[in-house]
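Working notes for the structure below.
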């Protein structure tokens, strides 16, 4: 199991409720790909969302996000953590 | 106290020891600005580092990173977390 950070752009002005709803759509289907989204952070001014996830592959993370309606190609595999 | 994610580029091929050493340079001086770097994650293939921090301002986070030798302008304030 690997760790991933993905980055979404364009979330300017998104609220906490909207982020929770979007994150919930990931959680509802993540098991299909063996992925788990641990946390998500939002900068509503810059419109950036960062999601920390575990899963088998980068592509598995991308497929869940795409099915949940917020695709991103910016997914980084993180073998090192301090 | 706010939460921040900063992103560094150009860390291609960096090792776990090198990341720990760089992170240690932040930790050694972070109190000067009331900042705390909680975690850092590395993708050595893409050369990206993500640091999760708390602190008073975005500028305070940037000053610590600059003094530690790894400046970045890419620091996002994260008022929303799920």
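Within region B:1-19, track down each residue that is surrounded by fewer than 18 Cβ atoms within 10 Å (Cβ to Cβ) and in a strand (DSSP E or B).
B:2, B:3
Out of the residues in region B:34-69 that are in a loop (DSSP other than H, G, I, E, B) and away from every other protein chain (no Cβ under 13 Å), which is surrounded by the fewest Cβ atoms within 10 Å (Cβ to Cβ)?
Looking at the filtered set, the residue picked out is B:69.
Give region B:37-62 a look and list any residue that's farther than 13 Å from residue B:5 by Cβ and in contact with a helix residue (DSSP H, G or I) (Cβ under 6 Å, 6 or more places away or on another chain), or say none.
B:42, B:60
Out of the residues in region A:71-82 that are touching a strand residue (DSSP E or B) at 6+ places or on another chain (Cβ under 6 Å) and part of a loop (DSSP other than H, G, I, E, B), which is surrounded by the most Cβ atoms within 10 Å (Cβ to Cβ)?
Only one residue fits best here, namely A:78.
Taking region B:1-18 as the region of interest, how many residues are more than 18 Å from residue B:75 (Cβ to Cβ) and within 13 Å of the chain's Cα centre (by Cα)?
Within region B:1-18, residues that are more than 18 Å from residue B:75 (Cβ to Cβ) and within 13 Å of the chain's Cα centre (by Cα) number 0.
Any read-out appearing in this document is the output of simple, stated calculations on the displayed coordinates, not a laboratory observation. Bear in mind that the values here come from a model prediction, so they are computed numbers and not experimental data. Cβ sites come from the backbone with ideal geometry, for glycine too, and all protein chains shown count toward neighbours.
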